[in-house]
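Working notes, beginning with the structure itself.
The values are calculated or read from the model by the stated rules, or taken from the named source; none is laboratory data. What you see is a predicted model; the values in this text were computed from it and never measured. Reconstructed Cβ throughout: ideal geometry from the backbone, glycine too, with neighbour counts over all protein chains shown.
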Ligand code: NA7
């Protein structure tokens with residue numbers, strides 16, 4: 001298309017991951033014309049880009065899938081407790097085919113700007129391929145962890161070997177056999193990729209800045225009986241997940257960690273550690289105060305440190321791998337053979353706290369004390385989370401005001417769904433919603449349903465625009481902050497508070513009030529005639 005042709009459409013959806021595809025399906029069901037733009041070469045968002053060895057979701061397959069179609073959820077057979085990336089991608093493509101979604105998705109196209117035209121009450125969308133679209137609704141399904149973050153040292157482009165970021169992995173298989181490989185970063189991605197690279201490589205050097213608490217993933221082939229059981233009562237299972245704190249139903253904790261005996265406490269931690277059916281959040285949800293009280297938190301932290309010391313044979317390496325900070329207020333990490341990998345010959349751990357990286361050279365990496373030579377460098381260094389993908393688009397609302405400027409001090413949203421001054425713009429799992437602090441599928445579906453209902457209500461009322469009110473937005477943002485401050489989350493550095501990106505405002509980027517309570521709030525807002533929003537004819 002040339003820059004001159006402006007196509008009119010009801011809604012544009014940015015991103016074709018789980019969120020964007022479901023939004024497309026829903027809006028189509030309402031009879032809207034929809035255009036989806038997707039930067040990737042294929043569908044799947046996170047599961048398209050994260051193709052590194054070992055990539056898998058850390059929420060159980062039976063809870064990490066769409067619930068909107070009873071036939072789909074019955075007919076799809078998962079094979080593992082925690083499905084690997086290729087299986088997730090197959091599922092997404094199956095859904096796209098089944099609901100005929102591809103025809104409205106334009107791949108290899110990045111939305112560069114979304115500018116609100118006040119006189120027409122429409123969004124003007126432009127892409128890096130010259131598309132120009134005029135849409136009534138602009139829906140951002142851009143993902144929470146979709147803008148990879150690199151190290152902040154010079155020389156990255158000088159390296160002559162192969163470089164990879166886990167969140168932007170090439171499509172073809174990458175062979176590490178016999179090579180000297182560096183992995184920088186020990187978050188969820190690093191922890192997944194390290195054991196598999198170690199099996200193939202001649203030498204693996206892991207550069208660790210902060211040790212993480214890595215819990216055993218306990219992945220295994222899915223028990224057919226478990227699958228049958230969940231499928232036989234899926235409505236009830238989904239309901240329980242939706243009403244839970246993290247989007248994964250757990251038995252209600254009744255006591256603080258220090259209200260029970262040490263033996264009882266450790267028996268619980270041990271059961272979670274050893275049970276292959278444990279959930280990502282099991283260790284966090286056995287006691288009422290693990291995420292709120294430092295002394296309680298420390299009991300879980302020490303239990304895990306003790307396990308690390310048991311597994312890792314070299315005492316200096318074991319010590320370096322033992323985290324010192326709070327447990328669980330950075331994203332919990334699941335691993336398979338992670339600590340065991342450091343017992344392999346040829347695997348070395350480098351402590352970046354003692355000697356930070358200074359430079360990437362033509363042949364490897366440098367710290368103040370040592371030069372390292374590598375054939376391959378894997379950056380498992382994370383993302384500009386929550387706001388990165390939204391701020392990457394030049395979004396301008398009323399009066400041409402840029403969203404980036406409005407968010408210069410941190411994101412300000414109403415419910416993580418909408419922003420004052422940006423009518424008819426919705427963010428799926430936007431900042432200020434539970435999003436990354438939950439089972440993403442539960443949060444995505446809740447937002448997609450809420451947005452579709454809002455659009456349907458607008459049509460029924462003959463409304464042209466829906467816009468968050470400044471007061472409601474301020475109050476919500478204050479509430480997100482306040483609830484965050486009742487927990488231990490703000491006390492540690494993590495991407496939940498933006499501290500992994502230099503210069504990023506330090507605030508709570510997600511809502512920790514729980515997906516159940518959050519859903520009730522969103523439903524109440526809708527029931528009260530979209531309280532806190534202004535609808536205009
Ligand atoms: P994370 O969790 O942000 O982990 C990134 C890792 O990279 C973490 O260990 C960081 O250390 C490290 N890092 C980041 N920048 C640097 C620099 N400049 N130097 C050295 N080390 C660095 O990203 P992941 O991709 O692992 O996981 C993202 C989410 O995906 C995860 O939480 C799940 O939701 C799935 P730090 O801890 O900041 O000291």
| note | Filtering the range 485-500 down to residues that are under 18 Å from the mean Cα position of the chain (by Cα) and either more than 16 Å from the ligand (Cβ to nearest atom) or more than 23 Å from residue 289 (Cα to Cα) (or both) yields 498, 499, 500
| task | Could you grab me the full set of residues in the range 130-150 that are more than 14 Å from residue 383 (Cβ to Cβ) and in a loop (DSSP other than H, G, I, E, B)? | result | 130, 131, 141
| Set 182, 253: member being out of contact with any helix residue (DSSP H, G or I) (no Cβ under 9 Å at 6 or more places or on another chain), touching a residue at least 24 places away in the same chain (Cβ under 8 Å) and more than 16 Å from the ligand (Cβ to nearest atom) | 253
| task | Only residues that are surrounded by 18 or more Cβ atoms within 10 Å (Cβ to Cβ) and away from the ligand (no atom under 12 Å from the Cβ): list them for the range 339-358, please. | result | 339, 341, 342, 347, 349
| said: Please count how many residues of the range 501-535 are without any contact (Cβ under 8 Å) to a residue 40 or more places away in the chain, assigned to a loop (DSSP other than H, G, I, E, B) and more than 16 Å from the ligand (Cβ to nearest atom). | reply: 2
| Unique match (being closer than 19 Å to residue 142 by Cα and surrounded by fewer than 20 Cβ atoms within 10 Å (Cβ to Cβ)) among 90, 110, 98 | 110
| request: Only residues in the range 194-221 that are more than 15 Å from residue 54 (Cβ to Cβ) count as the first member; pair them with residues that are within 13 Å of the ligand (Cβ to nearest atom) and assigned to a helix (DSSP H, G or I), Cβ under 6 angstrom, at least 6 apart or cross-chain, and list the lot. | output: 211/321
| Among the candidates 155, 161, residue that is away from the ligand (no atom under 16 Å from the Cβ) and farther than 28 Å from residue 17 by Cβ | 161
| note | Contact list, first residue from the range 441-452 and farther than 15 Å from residue 65 by Cα, second anywhere and assigned to a helix (DSSP H, G or I), beta-carbon distance below 6 Å, six or more apart or interchain, is 450/522; 452/26
| remark: Note: among 117, 175, 128, just one is surrounded by fewer than 16 Cβ atoms within 10 Å (Cβ to Cβ), under 15 Å from residue 51 (Cα atoms), more than 16 Å from the ligand (Cβ to nearest atom) and modelled with pLDDT of 95 or more, namely 175
